[in-house]
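**Student:** What follows is a structure written as structure tokens; I'll ask about it next.
The values are calculated or read from the model by the stated rules, or taken from the named source; none is laboratory data. These figures come from a predicted structure and were not determined experimentally. Using ideal geometry, Cβ is built from the backbone for each residue, glycine included, and neighbour counts are taken over all protein chains shown.
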Amino acid sequence: MRSNLALLALLLVATIADAASLDRLREFVRETQTARVSFIQTVTDRNGRMVQRATGELAIARPGHFRWTLEKPYQQILVGDGERVWVFDPDLNQVVVRRNDRALGSTPAALLAGKEDVERAFDWKDLPAANGLDWLGAKPKDKESSFTEIRLGFNAGGLAALEVTDNFGQHTLVSLFNLERNPKLSLDLFKFTPPKGADVVGE
């Protein structure tokens, strides 16, 4: 569950201030090469009951490089090095590794850290404004995706919220703050070496 939650929070940065539309995402993908942002993530079940609240930070360098650090209530590190995605759970001392194309696919991570043509993996539409935000919806074309819908909420400052609904009716809301666009990031940030003694599972 933790690795899936990590991927939910990877589509996290935009800075265009016009009406919510696919053009805003296109401009972000075209013009934002690196980004760093803090987030609060809330997960609720199909009945609206909160089952998790977490905080953390995300850094990206397109294409395919990202580092997701979950800080509370438990620690987790997710690193994309351009070829593979590494998920490290310190509590379990376990590392799960997958090839980039298989780990991302038609997920929120693909929209943020992927290539410019990634939008073709989704069906898009503008949604009614709600909660003070303009919304853009995306449904994956891949029928085997673990997500049924992704919603991007924009305010005057850019992307302010991300909502994801999975196949079990669970909703994940990610709220963003302290955005840095195009900061200088070392590629060493996006490298990962499994800790000595960790159980490594995957490709």
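**Student:** For the stretch 136-169, name all the residues that are in a loop (DSSP other than H, G, I, E, B), in contact with an Asp or Glu (Cβ under 9 Å, 6 or more places away or on another chain) and more than 20 Å from Thr44 (Cα to Cα).
**Tutor:** Lys141
**Student:** When you go through (1) surrounded by 11 or more Cβ atoms within 10 Å (Cβ to Cβ); (2) of a type in the set (S, T, N, Q); (3) more than 19 Å from the chain's Cα centre (by Cα) one by one for Thr193, which number turns out not to apply?
**Tutor:** The number of the failed condition is (1).
**Student:** Considering each of Gln33, Gln75 in turn, give the residue that is surrounded by fewer than 17 Cβ atoms within 10 Å (Cβ to Cβ), farther than 20 Å from Val174 by Cβ and modelled with pLDDT of 70 or more. Even if it seems obvious, please write down each step before you answer.
**Tutor:** On the way: Gln75 fails: farther than 20 Å from Val174 by Cβ.
On inspection, the qualifying residue turns out to be Gln33.
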